[in-house]
Amino acid sequence: MASERDIVLSLKRASVGYGGRPVLADIDLEIRAGDKVAVMGRSGAGKSTLLGLLHAHCPEAVALVPQAAALVRHLSVFHNVYMGRLDRNSTATNLRTLVWPRRADVEEIGGVLEQVGLSEKMFVSAGELSGGQQQRTSVARALYNGRKILLGDEPVSALDRVQGADVLALINRQHETVVAAMHDVGLALEYCHRIVVLEAGRKIIDAPARDLTAADLLGRFGGSA
């Protein structure tokens, strides 16, 4: 049986509401080291709020892929990825990197961008990228961050099935523990070991992926097969 020290993120009877409207209600959730978890449910079920609570639990231990990519559009892809470790460098180093990046940083970030198929876009402004390229830049930033836990809010929603599969496999290789909101049932069942389904802010399924079928999930909340 797993010990308490294996738990890396947890929520106990978590409830959240906005403007008097409940969003999450009495959520108990434990994420253990090595878990690969898909959080699923209809739009408005509370998936993003759940990820936000997990991130607030231990932000210094987490690499984040936000739903809207959250890139600085006038900065290059290089600089957006570099921001994944901004808090680990001095202010002087970060300011210098804006105009004169170190060769070691360029080489390391170039390697990360190659993994997501964007090496040729390194010094292109993020605002010039397509939606899918922006999403892959956001993933690259999380990979460069290098922390063991990754939280992703629809990290492959702007990618086709093949690209999405490649990125999820990469995320799983690079991060020990992954929790990702997803809508693609097929990808969730293939690349996640555990499925959590929310409905109207409540957890209605928390089960190993091997015990579920696409029909089980599509019947609950729709989504894509």
Report yes if some residue within region 52-69 is touching a residue at least 12 places away in the same chain (Cβ under 8 Å), over 21 Å from Q133 (Cβ atoms) and more than 21 Å from the chain's Cα centre (by Cα); otherwise report no. no
Filter result for the condition that a residue is among the charged types (D, E, K, R), buried (at least 20 other Cβ atoms within 10 Å of the Cβ) and free of Cβ contacts under 8 Å to residues at least 60 places away in the same chain, over R161, R136: R136
Among E176, E154, E108, which is of a type in the set (D, E, K, R), free of Cβ contacts under 8 Å to residues at least 40 places away in the same chain and surrounded by fewer than 21 Cβ atoms within 10 Å (Cβ to Cβ)? E108
Specify the residue that is surrounded by the fewest Cβ atoms within 10 Å (Cβ to Cβ); the eligible residues are those in region 189-225 that are assigned to a helix (DSSP H, G or I) and of a type in the set (K, R). R210
Filter region 13-51 down to the residues that are of a type in the set (D, E, K, R) and under 22 Å from the mean Cα position of the chain (by Cα), then identify the one that is farthest from L218 (Cα to Cα). R32
Go through the residues of region 169-188 one by one and say whether even a single one is part of a helix (DSSP H, G or I), among the small types (G, A, S), more than 17 Å from the chain's Cα centre (by Cα) and under 29 Å from H74 (Cα atoms). no
Of all residues in region 116-168, count the ones that are more than 25 Å from V37 (Cα to Cα), among the hydroxyl-bearing types (S, T, Y) and part of a helix (DSSP H, G or I). 1
Matching option when the condition is at pLDDT 95 or above and in contact with a Leu (Cβ under 8 Å, 6 or more places away or on another chain), among A207, A180: A180
Would you please list the contacts, defined by Cβ atoms under 6 Å and residues six or more apart or on different chains, that run from a residue in region 89-102 that is in contact (Cβ under 8 Å) with a residue 24 or more places away in the chain to a residue that is in a helix (DSSP H, G or I)? none
Looking only at region 151-171, which residues are touching a strand residue (DSSP E or B) at 6+ places or on another chain (Cβ under 6 Å) and over 14 Å from V116 (Cβ atoms)? L151, D153, E154
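The values are calculated or read from the model by the stated rules, or taken from the named source; none is laboratory data. Since the structure is predicted, the reported quantities are computational estimates derived from the model, not experimental observations. For neighbour counting, all protein chains shown are included, and Cβ atoms are generated from backbone atoms with ideal geometry for every residue, glycine included.
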